[in-house]
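Engineer: Mind looking over this structure? Questions follow.
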Amino acid sequence: MQTLMPPPQIYVERTLAIIKPDIIRKEDEIEDIILRSGFTIVQKRKMQLSPEQCSNFYVEQYGKMFFPNLTAYMSSGPLIAMVLARHRAISYWKELLGPANTIIAKENYPDSLRAIYGTDDLRNALHGSSSFSTAEREIRFMFPEVVIEPIPVGQAAKDYLTRYVTPTLLKGLTALCKKKPADPFTWLADWLIEHNPNTPRLQHNVIVEEP
């Protein structure tokens, strides 16, 4: 007797990424790597934190010897905070980053982002949330106005697709067959953007400039 296994469910996670003050000039280059690695940049903000705000953000590090230098470094200039989303976003972003200590990253993981962009054990270029609960806290800290809605999975995801996605996709595919464009993928992508019947819940690549 054959056992029917339920179809796998893909759960989309969110994590917080920070381009730290000393490499903000590499913003475009790093964002290109992020997008090519399968992430969506859900929210983005350029901002400068005060030492007090840095202390609150890195509260888990409070009491460690490097804490004063860390808060001084992170408040030394503007930074870029981003909410990244994809399957297993937290662990995959941590894997791309490499070890927190840049010296170790350069020795053992030379292709990691911290090995490429970091300077030393303090100025390690980029930040990533360490866990699911940390990601939620950090996202709320950097983007207090954002409502972190649960992403549907299982039957709820199927119902959402049936109600909101499938009808529009069928219309687009029908129009594609009639039009027969030279580049069907690009044509369909443009058509779906133009005929999106729903107001997106998430604003992609929103930049809020703050002094």
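Engineer: Could you pull the Rg and Dmax for the range 34-163, using just the Cα atoms, both in Å?
Structural biologist: 16.6, 54
Engineer: Taking a ≥ b ≥ c as the square roots of the Cα gyration tensor eigenvalues, with a/c under 1.5 meaning rounded and otherwise prolate when a/b beats b/c, else oblate, which class fits the range 7-109? Intermediate results must be reported in sequence, preceding the final value.
Structural biologist: Numbers: a/c = 1.65, a/b = 1.54, b/c = 1.07.
Here the range 7-109 falls in the prolate category.
Engineer: Excluding residues on the same chain fewer than 8 positions from Lys94, give the lysines whose Cα lies under 18 Å from its Cα.
Structural biologist: Hits, sequence-local ones excluded: Lys20, Lys106.
Engineer: Which percent of Cα pairs goes in each bin when the distances of the range 90-137 are cut into 5 angstrom slices starting at zero?
Structural biologist: 5, 28, 29, 19, 12, 6, 0
Engineer: Report, please, the projected area of the range 64-106 averaged over directions, based on the convex hull of its C-alpha atoms, in nm².
Structural biologist: On the way: hull surface 17.3 nm².
That works out to 4.3 nm².
Engineer: Right, here's the next one. Figure the gain on full extension for Phe185 and Glu95 (residue separation times 0.36 nm, minus the Cα-Cα span) and round it to one decimal in nm.
Structural biologist: Numbers: separation 90, 0.36 × 90 = 32.40 nm, distance 3.12 nm.
So the chain would gain 29.3 nm between Phe185 and Glu95.
Any read-out appearing in this document is the output of simple, stated calculations on the displayed coordinates, not a laboratory observation. If you're wondering where the values come from, they're calculated on a predicted model, not measured in any experiment.
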